[in-house]
1. With LEU63, LEU71, LEU92 as the choices, which residue is without any contact (Cβ under 8 Å) to a residue 40 or more places away in the chain, hydrophobic (A, V, I, L, M, F, W, C) and closer than 23 Å to GLU128 by Cβ?
2. Which residue is nearest to HIS151 (Cα to Cα), if the candidates are limited to the stretch 52-84 and must be surrounded by 15 or more Cβ atoms within 10 Å (Cβ to Cβ) and of a type in the set (Gly, Ala, Ser)?
3. Among the residues of the stretch 89-107, write down those that are out of contact with any Gly (no Cβ under 9 Å at 6 or more places or on another chain), in a helix (DSSP H, G or I) and surrounded by fewer than 20 Cβ atoms within 10 Å (Cβ to Cβ).
4. If I filter the stretch 6-20 down to residues being in contact with a helix residue (DSSP H, G or I) (Cβ under 7 Å, 6 or more places away or on another chain) and either crowded, with 20+ Cβ neighbours inside 10 Å or of a type in the set (A, V, I, L, M, F, W, C) (or both), which single residue comes out as nearest to VAL37 (Cα to Cα)?
5. Quick check on the stretch 84-91. Is at least one of its residues closer than 28 Å to ASP185 by Cβ, modelled with pLDDT under 90 and out of contact with any helix residue (DSSP H, G or I) (no Cβ under 8 Å at 6 or more places or on another chain)?
6. In the stretch 1-32, what residues are part of a loop (DSSP other than H, G, I, E, B) and closer than 22 Å to ALA114 by Cα?
7. Do we have any residue at all in the stretch 56-64 that's within 17 Å of GLY120 (Cβ to Cβ), at pLDDT 90 or above, out of contact with any Cys (no Cβ under 7 Å at 6 or more places or on another chain) and not in a loop (DSSP other than H, G, I, E, B)?
8. Given the condition at pLDDT 90 or above and either within 13 Å of the chain's Cα centre (by Cα) or closer than 17 Å to GLN109 by Cα (or both), answer yes or no: does some residue in the stretch 30-39 qualify?
Amino acid sequence: MVTLVGRNGAGKSTLLRCVLGLHAGQSGRVELDGRDVTRLPAHRRARLGLGWVPDDRGSYATLSVTENLTLPPRVGPDPWPLERVYEAFPALYGRRDSAATQLSGGEQQMLALARVLRMGARLLLCDEPTEGLSPLLVQQVGDLLREAKRHGVTVLLVEQNLHFATGVADRHYLLAEGRIAEAMDNSEVRSRERELLAYLGI
């Protein structure tokens, strides 16, 4: 699991959109499992296992949890069966007949992640999944990302919460003006946390 951190406007979300194929990069290339996918459109990348968990979560508000999980098409190479989703996220099983609007913020984030896994994603791009959540819900999001990782899913995470990031990720990249300025491991982020928070304006 890898995080991208940087000030607002540093290019974090734009980079995710470039990886997804929703935005054309000015230079460089995008590789997935060693295959150059730079010229492939977004739907072709999705079929190779690239999935996006947007910051607005993207669930169908009036549909039940089960309906949200069965409606999306299976486009990737390794879609999760519904039973596997409920095994990984038992809280969703308990709310399976509830409408998405009745879920807590943490449960909605679980549902957004589970929907992408149901579609067959092997690489998840998550855009600020903890923004606006309470500390308890932030912990739940961390648990579900670690669960996805345990099941062999790779995660690329845009995140401003450094404490959260060092608790879930293995590597961290600092973006500045659209470029990677630094690569850091967890120990380096922790030792420089005050400096990094000041730089990020948090």
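The values are calculated or read from the model by the stated rules, or taken from the named source; none is laboratory data. Bear in mind that the values here come from a model prediction, so they are computed numbers and not experimental data. Heads up, the Cβs are rebuilt from the backbone with ideal geometry, glycines too, and the neighbour counts pull from every protein chain shown.
1. Values: LEU63 fails: closer than 23 Å to GLU128 by Cβ; LEU71 fails: closer than 23 Å to GLU128 by Cβ.
Exactly one of LEU63, LEU71, LEU92 is without any contact (Cβ under 8 Å) to a residue 40 or more places away in the chain, hydrophobic (A, V, I, L, M, F, W, C) and closer than 23 Å to GLU128 by Cβ, namely LEU92.
2. Per the criteria, the residue is GLY76.
3. Hits for the stretch 89-107 are PRO90, TYR93, GLY94, THR101, GLN102.
4. Among those that are in contact with a helix residue (DSSP H, G or I) (Cβ under 7 Å, 6 or more places away or on another chain) and either crowded, with 20+ Cβ neighbours inside 10 Å or of a type in the set (A, V, I, L, M, F, W, C) (or both), it is LEU20.
5. no
6. Scanning the stretch 1-32 gives MET1, GLY21, LEU22.
7. no
8. Within the stretch 30-39, not a single residue is at pLDDT 90 or above and either within 13 Å of the chain's Cα centre (by Cα) or closer than 17 Å to GLN109 by Cα (or both).
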